[in-house]
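To start, the structure under review is shown below, and the notes come after it.
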Amino acid sequence: MNIALIGYGKMGHVIDQIAMKRGHHIVLRITSANKQELNEENLRNADVAIEFTNPVVAKENVLQCLEAGVNVVCGTTGWNTHVIEAANKAKEKGMGFLHASNFSVGVNIFFEVNKMLASLMDGRTDYEVSIEEIHHTQKKDAPSGTAITLAEQIIHSLGNKDHWALDKQDDKSAVAIIAHRVENVPGTHKVTYTSAIDNIEITHTAHNREGFALGAVLAAEYIMGKAGVFSMKDVLFGTK
């Protein structure tokens, strides 16, 4: 498989290494310094594009790839309000698009556990739920896309929650998200249900970026040649 890497920071470098170990070829590496090379002519050499940049340019990058006839895996978070535009463009063009807040296999299993726990906690008003996330200081968005996904899953199950709020633990109708930025932390997410009697906690801790990078490459392998809008649930569990 020929891959265009859009965004070549720390994550891009790890994706590069893992993709090549799995026998793939990187035909395009785009950074802010050579953005002009992201064009239709160069994209013709790619089977799939993997996009990890920032919320300001993600939409433009993804739409450009889809217009050029290249399926896209996107891991950039913080542009959620525009993701639907990319999904609609993929459907219009008959292309494949997969966006995820987190590509880690472990985190996506954690998502399923979170949904199951939330469904069990519905109606148990003696427990208050909160989410805590810790990431490296280079991460630009807060809360993380993963924390937002966890919160949205909880809101879907709990009848007494209808939104999430950053650092607002006094809003009883919200799922509180506490975000920390600490040097050299790949990512930790903890969901806690607290009562006067006990706490129930589930935690995912990443040790490095390799899990995220491997998931992105697995996603690229999955959507190569496919048309439609997909999720990591499709990649890992074969179902939407």
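The values are calculated or read from the model by the stated rules, or taken from the named source; none is laboratory data. Remember, predicted model here, so these are calculated numbers, not experimental data. Methodologically, a virtual Cβ is constructed for each residue, glycine included, from the backbone with ideal geometry; neighbour enumeration extends over all protein chains shown.
Filtering region 73-107 down to residues that are among the β-branched types (Val, Ile, Thr), surrounded by 18 or more Cβ atoms within 10 Å (Cβ to Cβ) and touching a residue at least 40 places away in the same chain (Cβ under 8 Å), which residue is farthest from Glu40 (Cα to Cα)?
Taking the candidates together, the pick is Val107.
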Show the residue pairs meeting these rules: Cβ distance below 7 Å; 6+ apart or different chains; first residue within region 213-240 and on the phi > 0 side of the Ramachandran plot; second residue modelled with pLDDT of 95 or more. Gly228/Gly96
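Criterion first (surrounded by 12 or more Cβ atoms within 10 Å (Cβ to Cβ), closer than 27 Å to Gly75 by Cα, out of contact with any strand residue (DSSP E or B) (no Cβ under 8 Å at 6 or more places or on another chain) and in the same structural domain as Thr194 (by TED's automatic domain parsing)) does Thr149 satisfy it?
Working: surrounded by 12 or more Cβ atoms within 10 Å (Cβ to Cβ): yes; closer than 27 Å to Gly75 by Cα: yes; out of contact with any strand residue (DSSP E or B) (no Cβ under 8 Å at 6 or more places or on another chain): yes; in the same structural domain as Thr194 (by TED's automatic domain parsing): yes.
For Thr149, the condition - surrounded by 12 or more Cβ atoms within 10 Å (Cβ to Cβ), closer than 27 Å to Gly75 by Cα, out of contact with any strand residue (DSSP E or B) (no Cβ under 8 Å at 6 or more places or on another chain) and in the same structural domain as Thr194 (by TED's automatic domain parsing) - is met.
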Between a first residue in region 190-206 that is surrounded by 11 or more Cβ atoms within 10 Å (Cβ to Cβ) and a second residue that is small (Gly, Ala, Ser), which pairs have beta carbons less than 7 Å apart while being 6 or more apart in sequence or on different chains? Thr192/Ser130; His204/Gly106; Ala206/Ser104; Ala206/Gly187
Val107, sole failed condition from (1) hydrophobic (A, V, I, L, M, F, W, C); (2) at pLDDT below 95; (3) over 19 Å from Pro143 (Cα atoms): (3)
